[in-house]
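Shown next, in structure tokens, is the structure this report addresses.
The values are calculated or read from the model by the stated rules, or taken from the named source; none is laboratory data. All figures in this text were calculated on a predicted structure; none of them were measured in a lab. Every residue, glycine among them, receives a Cβ derived from its backbone with ideal geometry; neighbour counts consider all protein chains shown.
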Amino acid sequence: MFIVSDKENKLMDVVDVYIKAMKDKDSNEVVGYMLMGIPLGSSRGQILAIVNTYEEAQKLLLKIAAKVEAAKVNDLD
């Protein structure tokens, strides 16, 4: 699926999208969350968006999932 980053400076054909915590280098505390995507043919994640809370990141992930009509594991019978 093609996704444009939040800064609108990347258009990527991604095969995986996931949430990754951003940690402070000194205190190792979580300071935000990144929505990451792995481009087709690559194994390195690229930042799609940076948000303050896990809930914001999850909301973005679920919006993408809805656009591609992905099935939620919790909704499978």
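Odds and ends about this structure:
- Region 27-58: number of residues that are among the charged types (D, E, K, R), farther than 24 Å from residue 69 by Cα and at pLDDT 95 or above: 1
- Count - residues of region 19-38 that are under 22 Å from residue 72 (Cα atoms) and either touching a Cys at 6+ places or on another chain (Cβ under 8 Å) or free of Cβ contacts under 8 Å to residues at least 40 places away in the same chain (or both): 8
- Looking across region 49-60, just one residue is assigned to a loop (DSSP other than H, G, I, E, B) and either touching a strand residue (DSSP E or B) at 6+ places or on another chain (Cβ under 6 Å) or surrounded by 12 or more Cβ atoms within 10 Å (Cβ to Cβ) (or both), and that is 52.
- Tally, over region 1-10, of residues that are loosely packed, with under 11 Cβ neighbours inside 10 Å and either under 20 Å from residue 70 (Cβ atoms) or of a type in the set (Lys, Arg) (or both): 2
- Unique residue being more than 8 Å from the chain's Cα centre (by Cα), part of a strand (DSSP E or B) and not small (Gly, Ala, Ser) when the list is 17, 31: 31
- Region 61-77, residues that are part of a loop (DSSP other than H, G, I, E, B) and either in contact with a Gly (Cβ under 8 Å, 6 or more places away or on another chain) or surrounded by fewer than 10 Cβ atoms within 10 Å (Cβ to Cβ) (or both): 68, 69, 71, 72, 76, 77
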